[in-house]
Structure formats: C-alpha cells, structure tokens
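Every read-out reported here was derived from the displayed coordinates using simple, explicitly stated rules and does not represent laboratory data. Since this is a predicted model, take the numbers as computed values, not measurements. Using ideal geometry, Cβ is built from the backbone for each residue, glycine included, and neighbour counts are taken over all protein chains shown.
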Amino acid sequence: MAKLTDKGLSGRVGPVIYYQINGKQFVRAFPIARKKQTHAARKPAAVLFGICSRTATSAAYTLQATLPFPFKSMNLFRGWVYKHYKLSHAQTNWVLGQNFLPPFQLNPGADLRDFLFVSINIRGVQDGRLHIQLPAFDPAKQIRKPMRAASVDMKIMVQSLPFGKPEAYFFAEEQRRIDFSENHLPAQDLFFETTTLQPDTVLMVTVALSFKLFNGTVINKAEYLPAAVIGMGTWMDFDR
C-alpha cells in the first residue's frame, strides 16, 4: 500500500509503484511473475524443427569433413531438411530414388547442374544395399571443366539422417577418377551396404566434383568445387 509523505506518494497502488529519487517522483509497473515454459509445452512444429535442425547440423558437419570448401549455407540447409522432412516423413511412399526433390547446392558459388550434365540414378535398395547407377557418358562433353583440368574426382556420399535415432547413423562414400582424355565412360553400378539400418531410416545422397591438373594438383577455387544433395528419403526395398 502506498503512503502519502511530504514528498509525495511512496509504495504500490494497484498495478503501479510510486517512489522518489533525489526528490523527484517516479512511477513504474509492478512486476508480474511469469511461468517459465517447459519443453513439454512447446508446439509440435517447434519440436519437429528442433529435431530437424540438430539432425541437419550433424549431417552438415559430417559432409564438411570430406568437402574441400567451407560450409556457408548451414541455415539454408537446416531449412531445406526441415521443409522436406515435414512434408514427407509421414508418407508411406517417401522412398529414396522415387522422390523428385530439387537438389540442394552445398556450395552456392558452384552449382552442380552447371558442371555435370549426366543424371545419376538412385535405383533403390536391394538385398540391404543401396544401388546408385552412373550411366555411360562422354566426360569431355558432359562435364564442364575449368581450363587446364586433366581429370575430375566424382565423390558420391550416402548418409543417414537419424532424426533422434543415433543408432541409425550411417555414412559411406565412393570416389571415381574420371580422365577427360576418355571419350566414353561405361556405365557403373555402385552399391552401399545398409544392412544395419531399419527400413524407415532416412538416407541422403550427395555428389561432389573436384578437378585436378595434369600434375595432380587440386583446383581449390570455390567456384570450381560443385557439390549438391541429389536425393533424400527412406531406403525401403523397391529395386526389383
């Protein structure tokens, strides 16, 4: 309760408090205690975003360890993973290789589609192995190379996105050296063992190119280091 003094009011009156400092009258709102929100009170969308954000961050750090350029698209990558997981994770037909996600460019300065003019086919999982197929092509005509490049290393990486299931972690990679002196590269089938994973595990496939000079020196300019996620989905067996 406020008191009236010879200097004015002092104390609380309803939702406000009167007080004096250096002979001057001041008033402020009475503080109201607020209940701290618990994790259980969070909205489902916020919980899902948190799970996706942590999963995408872990996946990005794994890729960063094998890619030759700094990863500067972390927030965009988190948003991309969240968007497609939110839209598709509850569907029974979200099968890796049968979805048509737009690729996510991990290096904004070098779009993979501007360098690689070949469709890499994610065929699916058969007998616990993820099957990825490289069609026959002419490297000199279907890969745009920087000046003086003699070859390119094509790296294909497959990793799981556990989404809160650390036991579902998986990462594997295959690398192919392609010489630009070849005018015909035969089709190749790549198989990645996934026998330890559950059918509902989400997998992500990434392709990266790294060009080399005749002496083996890597061209390390970011503008010549394209890499992109080309597919994401569950690995259910459908390659029959």
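Observations
- Inter-part distance where the stretch 107-121 and the stretch 173-240 are each reduced to a Cα centre, Å: 11
- Of Lys86/Lys212; Lys155/Lys221; Lys72/Lys145; Lys141/Lys212, pairs whose Cα-Cα distance is over 29 Å: Lys86/Lys212
- Potential lengthening of the chain between Lys83 and Asp153 amounts to 22.1 nm, from the contour at 0.36 nm per residue minus the alpha-carbon distance.
- Per-residue packing, averaged as other Cβ atoms within 10 Å, sorts the ranges 201-211, 152-162 into the order 201-211, 152-162, beginning with the highest.
- Charge sum, other residues only, whose C-beta stays under 10 Å from Gln175's C-beta, Lys/Arg counted +1 and Asp/Glu -1: 0
- Residues Thr195, Thr66, sorted so that the one with the fewest Cβ neighbours within 10 Å comes first: Thr195, Thr66
- Thr92, Thr62 arranged by Cβ crowding within 10 Å, fewest neighbours leading: Thr92, Thr62
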